[in-house]
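**Student:** Mind looking over this structure? Questions follow.
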Amino acid sequence: MTNIVNYDSENKFTGRISSFQSMGTVDGPGIRNVVFLQGCPLRCIYCHNPETWGKNGGREITEEELLNKIFRYEKYIKKNGGVTVSGGEPLMQAQFVTSLFKKLKSNDYHTAIDTSGIGNLKEAEELMLYCDLIICDLKFTNNADFKRYCAGNLDTVLEFLHLSEKMRKKLWIRQVIVPGVNDSEEQVKKLKEIACRHSNLEKIELLPFRKLCVDKYKEMGIEFKAENIEECGNDRLRLLQSIVNVK
């Protein structure tokens, strides 16, 4: 069992997490611990986790506490899986994640971030030094839609993707398919064109828009702006996925 011997007691960080998934299977290769951080700069109309938006929400956790929590699952995740930090947005707590990943890499864990690519690029570059896989949600393929539906900037994401290529980090690109918003064949072809510019790309994954989060919004007293949009059908998703598959 891994212990905390590599923990630097003079360089402690604390972070804020929303939740912790012990045995995840969709956020990177193998079975993984998935740490959902608190805080997100975007406001996507289809977001399933509005409880992660506020940077002061969730709960505070020390790096040491989180590492020990992860190490308890070593026999399940270390050999063929690893640890993924998601969000919220992991780049909002890049220094915390960097320090965490340093310790994990010194103990031979596979590390990944699931990110929108929105954040400080200098801090992101430092983080990538200790990251084996980048999973980037390329939400829209033009700035007008990105601003309208996410209140963000596509150019920032493209700079982040360029950085991941420069640092030769394995890259998965994802996109949530929302009917009537980004579900045309033309739009997913544009997604593939942007994604395939990057030599470090391994695959593109399309995810279906779902509305399982409606009750969360009601409980929080927040308008769910995508409530009247139909969910993405499986047949449509399969067709679009066939277009973006990387050969």
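Read-outs: derived from the displayed coordinates by stated rules, not from any lab. The structure presented is a predicted model; accordingly, all values stated were derived computationally and were not measured. Glycine gets a Cβ as well: all are built from the backbone with ideal geometry, and neighbour counts include every protein chain shown.
**Student:** Run the dipole for region 106-211 about the Cα centre, Lys and Arg Cβ at +1, Asp and Glu Cβ at -1, nothing else charged, and hand back the magnitude in debye, nearest 20. Don't jump to the answer; show the numbers that get you there.
**Tutor:** Values: 16 positive and 17 negative charges, 54 e Å.
Charge dipole of region 106-211: 260 debye, to the nearest 20.
**Student:** Taking a 24 Å limit on the Cα-Cα distance, which of the listed pairs LYS69/LYS105; LYS170/LYS216; LYS102/LYS216; LYS79/LYS102; LYS69/LYS216; LYS79/LYS203 fall beyond it? Walk me through the numbers before you get to the answer.
**Tutor:** Details: LYS69/LYS105 16 Å; LYS170/LYS216 34 Å; LYS102/LYS216 35 Å; LYS79/LYS102 18 Å; LYS69/LYS216 27 Å; LYS79/LYS203 22 Å.
Pairs exceeding 24 Å: LYS170/LYS216; LYS102/LYS216; LYS69/LYS216.
**Student:** Taking the Cα centre of region 14-244 as origin, work out the dipole magnitude from +1 charges on Lys and Arg Cβ and -1 charges on Asp and Glu Cβ, in debye rounded to 20. Write out the running numbers ahead of the final one.
**Tutor:** Details: 34 positive and 32 negative charges, 87 e Å.
The calculated dipole for region 14-244 is roughly 420 debye.
**Student:** Let me ask another. If you split all Cα-Cα distances of the chain into 5 Å bins from zero, what percentages do you get per bin, shortest first?
**Tutor:** 1, 6, 13, 18, 19, 17, 13, 8, 4, 1, 0
**Student:** Please order THR98, THR156, THR25, THR84 by the number of other Cβ within 10 Å, starting at the fewest. Kindly include the intermediate steps, with their values, before the conclusion.
**Tutor:** On the way: THR98 20, THR156 16, THR25 12, THR84 24.
Going from least to most buried by this count: THR25, THR156, THR98, THR84.
**Student:** Considering the dipole of the chain built from charges on the beta carbon (Lys and Arg +1, Asp and Glu -1) around the Cα centre, which of LEU207, GLY81, LEU129 is farthest to its positive end?
**Tutor:** GLY81
**Student:** Rounded to whole Hz and in sequence order, give me ³J(HN,Hα) for region 115-123 from the Karplus expression 6.51 cos²θ - 1.76 cosθ + 1.60, θ = phi - 60°, writing x for Gly and Pro.
**Tutor:** Using θ = phi - 60°, the values come out as 9, 8, x, 9, x, 6, 5, 5, 5 Hz.
**Student:** Could you tell me whether region 119-247 comes out rounded, prolate or oblate from its Cα gyration tensor? Rule is a ≥ b ≥ c as square roots of the eigenvalues, rounded for a/c under 1.5, then prolate if a/b exceeds b/c, otherwise oblate. If you can, show how the numbers build up before the last one.
**Tutor:** Numbers: a/c = 2.00, a/b = 1.36, b/c = 1.47.
It comes out oblate by the Cα gyration axes.
**Student:** State, to one decimal in nm, how far the label point of ASP145 lies from the label point of SER242, with both points 7 Å from Cα in the Cβ direction.
**Tutor:** About 2.1 nm separates the two model spin labels.
**Student:** Using label points projected 7 Å from each Cα along Cα→Cβ, tell me how many nm separate GLU185 and THR14, to one decimal.
**Tutor:** Taking the simple label geometry, GLU185 and THR14 are separated by 5.5 nm.
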